[in-house]
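Working notes, beginning with the structure itself.
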Amino acid sequence: MAAEDDVVAKLLAELPANLSFPEEEERVLAFWAEIDAFKTQLELTRGKPEYTFYDGPPFATGLPHYGHILAGTIKDTVTRYASQTGHFVERRFGWDCHGLPVEFEIDKTLGITNRDQVFEMGIDKYNAECRSIVSRYTKEWESTVKRLGRWIDFENDYKTMNPWFMESVWWVFKQLFAKGLVYQGYKVMPYSTACGTPLSNFEAGLNYKEVEDPAVVVSFPLEEDPSVSLLAWTTTPWTLPSNLALCVNVEFDYVKIQDVKTERLYILLETRLVQLYPVMGGKKWKPEKNSTLFTVLEKIKGKDLVGKRYTPLFRYFVDSFGESAFRVIEDGYVTADGGTGIVHQAPAFGEDDYRVCLKHGVIAKGVQLPCPVDFNGCYTAEVSDFEGQHVKQADAAICDMLKAQGRLVASAKYLHSYPFCWRSDTPLIYKAVPSWFVAVEQFKDRLLKNNEQTYWVPNFVKEGRFHNWLKEARDWAISRNRFWGTPIPIWASEDMQELIAIGSVAELEELAGLPKGSVTDLHRESIDDIVIPSKQGKGNLRRVDEVFDCWFESGSMPYAQLHYPFENKERFEKGFPAHFIAEGLDQTRGWFYTLMVLSTALFDRPAFSNLIVNGMVLAADGKKMSKRLKNYPDPNAVIATYGADALRMYLINSPVVRAEPLKFTEPGVKGVARDVILPWYNTFRFFLQNAHRWQLATGKTFRPDAALASSSANPINVWIRAELQSLIAFVHEEMSKYRLYTVMPRLVSFLEQLSKWYLRLNRDRLRGADGEEEALVGLSVLYFVVISVASIMSPFTPFFSEFLYQKLRQLHPDFAKPDKEAMGSAQSVHFLTLPRPEAVDPGLNARVAEEMAALQTVIELGRKAKEAQNISHKKPVKEVIIVTCNPVHAAGLHKLQNYLESELSALKITVTDKEDQWCSYKAIPNFKELGKRCGKQMQQVKKAIVELSNSDMATFRATGELKVLDFDLGRTDLAVTRHFAGDKAKFAHMESEDGSMVIAIDTEEDAGIIRSWVSRELVSTVQKLRKVALLEVGDKIEVFFREIGDTQIAAALEDPAIATAVEQKLGCRPLPKNWVASWTRVLASSTTTVRGGELEVLIALPSLVLAEENLRALSPETNPDSVGQLLGSLPPESPQDLETSVTVFLDGKTLALVRGEHYFLSAQEMILAAKRP
């Protein structure tokens, strides 16, 4: 075999015993860059059916975290799989560039605290600042995403600030406007006073905190009797200047009381007197003490309070709303859980307040609301006493004024959970803002219908959380009073009666009379000054002030990323809806929702067909990951330590892929690297070592033979190939259902079967114990299994699969062929079409799997039985008896008998179905149950049960059914226990959990057992020494031993069968230590205890041995030791000097020494020569 043909040796030399997976991944990344792998894959698949994937755009103003890594891993796995199963999959990265996250960063940097400062600065300059930071972390994102192994196009990415993207957003809006789905109105929304903008309910739910607010009870004297006051409780005193009504529940019972201390008269809910008198909530308070606090004067139904008018707290809005306001109204939202059962209504600052006041005519649609709070959360001149004060800071001053007026009845501090702005970390308020709405409620039924057309993993999110959100969907406020965003393309007259929605740049240029191509950007600074002449004689129409909520842009990305309908019209329509999207659970109210709303409004179709929802990645303690708390490891550090594949597998193989939370732990990633990837690597390394050994033994070049592998009748080969086909079929089945979380456990199980069982059972055979032809068959099977697993798992573990494939393809028979997508010839594992399961008899596969399961059960039971008797696993036993009545198990165990003998160190294996010889049964009646049924016949039934045969009881154990006399007995009537009936002093025994199998091990010793045992101890010791000496499989050694005491080793080696077996395992015959010469190169040695004696074992490189008698015959005066020292000093790497003969000059004499007569190159050579006739 020419050195240039020895690919195996080259590959083996490249492999360290301890591979650094992160370092190898870096090499794979360099390889991908060298061959431009992602673009090459796209070109290879171009023209195939397109698989459409939408990637939700993240903000680039922050660094990627585990949530992004998780979603990116899911997306990459699915799209790789789609690409490798015959699809073209374009993957473009997108960036969310507009909105509050960007503006907030600029506001912090520039010290901006209100909108007026932006106008003073100039919108153009402000937006230029925003534009400058949008791409702040794009390089870091690209680095992390690529290091994770995700293939996605960063060069041809899309940005929501691109004019062509914004133009498509305009088109989307115009379609909604044309369909009558857009209107302007008021909406009470979560509002960030620090950022000066409303937030969505989704955003408001991101940052709740425990806070302490003032809780006050305020009096509202009745107009009909000012001595009687209604009492209302609130934790937002700042809303009291805008009070317009009080709300009660008509179903509740209220009381009029007189306070003992002040003698004042109050009306409040009977069950909420504790709000006014907290002492009543104490455990020791007794109702009879109530009279010391108050006197109940009258009970009043809630319905009888409705319509009563009261004296306003403040007079700021009496002139505007005096006729319709300051009266009692009713609604079922008033509860008895807290407060006084009377709720103060400020319709501009509460969603329910607005709804209820509108319902009862306190306010009207289209009429200005009492909202005396500006964009920055400060009172306007309408509330003159507190003008300019921030509302949250005015609470104390308002309470002081109410107290001075005698209207503050009680005050306290109230600890509760309150929403904070997720960007500025300041308290939110709820505030009515004029907004542009999409009338979602008009097509809510279609949203529900389209949701039914989608497939979600897990399904419960679709059927529960998302369905319920759609069912309760409200009109969507899509406008924001900000600057850095896509402007809402409505041009309006001053009276808002003439409105034009613009759907393209060309339309704007035409209607505004501008030259074609003159509008090159669509941000506010570029279009706010453009006017459109009125067609109704109302002067010039100007653009409205608002910009789009960035969620509107995200929901428009399916169309805008392709600049639809201005470009790519046919391609979009062919690929819509998307085959697949994936994001976190929080997007059920975010991106998933906006995608569904817009696609339904535009096309009455869902935007996507398949969706994977992931849960939240939490810190190890179950808390939210926090940069401030530093309660999670840096993702880049984790990847640098354990590798991206380990992190990917850890995430995919966790509950988080089923929309459940994951408590992230670094040891979990380490465990994947240790328990999955390392055994996978060791299997590959074992293959190479034994392929190298085969080459050394045969002198031939190893190349795997597919025909030999597929035609092998060896049951272990048949089994592992069947398991491989089962794995391949399983991966395709589960990926078709988008169940990523089931694939990893199956891979782990298969790798365990491969490394723990296939290699273990086949180790000797692969090392040539059954001949080199059989070794070639086994190595060919192992090769095609390992390379097939690398291929099928490449979407999940892209780096390690590539690492294996690049090594293994060099041995593939088709390595030099031109096919760019075929196994072996393809340049990358990711260019391959994933293997499909071979057409084999499923019944055969099932039977082979069942036979191997039985083998594994017997081996595990045998080991447990030995352990129970403190018998070493290496110690041979006379016989193992396996009792089973399952014909498939019995046939398989007969077929696999040799493997059982080897694994259990058994001299004999016996499989029998004669349970009655080895087992006894005992039937235990349930007299309580049977007595009810059998009555007077109970004694006869008892007698019949006692007389049941072993066969009857065995049948009952298996089926749970038995007829005794005329009664049908089941498991509640009878319990049957099985007991070992053999000689317990002689046999160690164990029963399988399902009761289908019993094994008995003959533990008696004789001379043959002892000799076999000690020989195994010798072999085991040598194998350990080989590892100590860092030897490879093909490295030849010689073994020497010395007995101290009676270890029986020498006697054992005199047994020809034992000697031959030991020689096959070690590659040499062990020799007494006196064979060790002074020039022998000893590599390692150890002393171990065997049967009460001690055994010293040495391993050495094959060394020169002299035939001393022949040497003395040649030259009686010559000292053999001197010759040995001289010849032994020759470098071991140049044995050709001694190949046939050598001439020695010693002590003035010339000696012509002949190999095989005067010397031998090793002790083994000398022994073989002695055996020749």
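Of the residues making up the range 650-672, those that are under 30 Å from A17 (Cα atoms) and surrounded by fewer than 21 Cβ atoms within 10 Å (Cβ to Cβ) are T665, E666, P667, G668, K670, G671. Taking residues in the range 856-868 that are without any contact (Cβ under 8 Å) to a residue 60 or more places away in the chain, and partners anywhere that are outside any helix (DSSP H, G or I) and crowded, with 20+ Cβ neighbours inside 10 Å, the pairs with Cβ atoms closer than 7 Å and at least 6 places apart or on different chains are I859/L904.
Checking each residue in the range 476-508 for being under 50 Å from the mean Cα position of the chain (by Cα) and charged (D, E, K, R) picks out R480, R482, E507.
Does Y783 satisfy being surrounded by fewer than 24 Cβ atoms within 10 Å (Cβ to Cβ), in contact (Cβ under 8 Å) with a residue 12 or more places away in the chain and not in a helix (DSSP H, G or I)? Taking the combined requirement at face value, the residue does not satisfy it. If you go through the range 511-523 and keep only what is open to solvent by 40 Å² or more (accessible area, probe 1.4 Å) and under 52 Å from the mean Cα position of the chain (by Cα), you end up with K516, G517, S518, T520. Across the range 143-162, what is the total count of residues that are of a type outside the set (A, V, I, L, M, F, W, C), touching a residue at least 40 places away in the same chain (Cβ under 8 Å), buried (at least 17 other Cβ atoms within 10 Å of the Cβ) and under 30 Å from R524 (Cβ atoms)? Looking only at that region, the number is 4. Determine, yes or no, whether R767 is touching a helix residue (DSSP H, G or I) at 6+ places or on another chain (Cβ under 9 Å), free of Cβ contacts under 8 Å to residues at least 60 places away in the same chain, on the phi < 0 side of the Ramachandran plot and not hydroxyl-bearing (S, T, Y). Spelling it out, it is not the case that R767 is touching a helix residue (DSSP H, G or I) at 6+ places or on another chain (Cβ under 9 Å), free of Cβ contacts under 8 Å to residues at least 60 places away in the same chain, on the phi < 0 side of the Ramachandran plot and not hydroxyl-bearing (S, T, Y).
Regarding L761, is this residue aliphatic (A, V, I, L, M), part of a helix (DSSP H, G or I), within 31 Å of the chain's Cα centre (by Cα) and buried (at least 20 other Cβ atoms within 10 Å of the Cβ)? Answer is no for this residue.
In the set (1) open to solvent by 60 Å² or more (accessible area, probe 1.4 Å); (2) not in a helix (DSSP H, G or I), N631 fails one condition alone, (1). Condition check: touching a residue at least 40 places away in the same chain (Cβ under 8 Å), open to solvent by less than 20 Å² (accessible area, probe 1.4 Å), part of a helix (DSSP H, G or I) and within 24 Å of R658 (Cβ to Cβ). Does G67 satisfy that? Here the answer is no, as G67 does not meet what is asked.
Applying the condition of being among the charged types (D, E, K, R) and modelled with pLDDT under 95 to the range 773-806 and asking which residue is nearest to A713 (Cα to Cα) yields E774.
Restricting the search to helices (runs of 4 or more DSSP H) fully inside the range 281-373 and requiring at least 2 residues that are in contact with a strand residue (DSSP E or B) (Cβ under 9 Å, 6 or more places away or on another chain), assigned by the TED database to the domain that holds I398 and not charged (D, E, K, R) gives 302-305, 351-359. Taken over the range 369-387, the residue count meeting the criterion of being over 51 Å from the mean Cα position of the chain (by Cα) and either free of Cβ contacts under 8 Å to residues at least 40 places away in the same chain or over 20 Å from Q345 (Cβ atoms) (or both) is 5. For the range 70-93, filtered to residues that are open to solvent by 10 Å² or more (accessible area, probe 1.4 Å) and assigned to a strand (DSSP E or B), the residue that is modelled with the highest pLDDT is F88.
Only one of the listed residues (T380, T335) is in contact with a Pro (Cβ under 8 Å, 6 or more places away or on another chain) and open to solvent by 20 Å² or more (accessible area, probe 1.4 Å). That residue is T380.
Surrounded by 14 or more Cβ atoms within 10 Å (Cβ to Cβ) and modelled with pLDDT of 95 or more, is that true of P214?
Criteria not met by P214.
A search for C-beta distances below 6 Å between a residue of the range 438-451 that is free of Cβ contacts under 8 Å to residues at least 40 places away in the same chain and any residue that is open to solvent by 10 Å² or more (accessible area, probe 1.4 Å), counting only pairs 6+ apart in sequence or on different chains, returns E441/D475.
Once the range 1051-1066 is narrowed to residues that are more than 12 Å from R1016 (Cβ to Cβ) and under 55 Å from the mean Cα position of the chain (by Cα), the residue that is least open to solvent (accessible area, probe 1.4 Å) is A1059. For the range 1052-1067, does any single residue satisfy the condition of being of a type in the set (A, V, I, L, M, F, W, C) and in contact with a Pro (Cβ under 7 Å, 6 or more places away or on another chain)? Yes: the range 1052-1067 contains one or more residues that are of a type in the set (A, V, I, L, M, F, W, C) and in contact with a Pro (Cβ under 7 Å, 6 or more places away or on another chain). Residues that are surrounded by fewer than 14 Cβ atoms within 10 Å (Cβ to Cβ) and modelled with pLDDT of 85 or more within the range 1151-1173 comprise A1152, V1154, listed in sequence order. Which is surrounded by 20 or more Cβ atoms within 10 Å (Cβ to Cβ), modelled with pLDDT of 80 or more, more than 30 Å from S710 (Cβ to Cβ) and aliphatic (A, V, I, L, M), of V858, V848, V883? Testing whether each residue is surrounded by 20 or more Cβ atoms within 10 Å (Cβ to Cβ), modelled with pLDDT of 80 or more, more than 30 Å from S710 (Cβ to Cβ) and aliphatic (A, V, I, L, M) leaves just V883.
Applying a threshold of 9 Å to beta carbon distances and a minimum spacing of six or more residues, or different chains, the list of pairs starting in the range 711-729 at a residue that is touching a residue at least 40 places away in the same chain (Cβ under 8 Å) and over 18 Å from P835 (Cβ atoms) and ending at one that is β-branched (V, I, T) and open to solvent by 20 Å² or more (accessible area, probe 1.4 Å) reads S712/V718. S1086 fulfils the conditions (1) open to solvent by 70 Å² or more (accessible area, probe 1.4 Å); (2) at pLDDT 85 or above; (3) under 29 Å from K1027 (Cα atoms) except for a single criterion, (1).
Residues that are free of Cβ contacts under 8 Å to residues at least 60 places away in the same chain and charged (D, E, K, R) were ranked within the range 1089-1120; the one that is most open to solvent (accessible area, probe 1.4 Å) is E1109.
The values are calculated or read from the model by the stated rules, or taken from the named source; none is laboratory data. Just so it is clear, the model here is predicted, and its values are computed rather than measured. With ideal geometry, Cβ positions are generated from the backbone for all residues, glycine too; neighbour counts draw on all protein chains shown. With ligands, DNA and RNA removed, areas are computed over all heavy atoms of the protein, side chains included. Shrake-Rupley method; radii C 1.70, N 1.55, O 1.52, S 1.80 Å.
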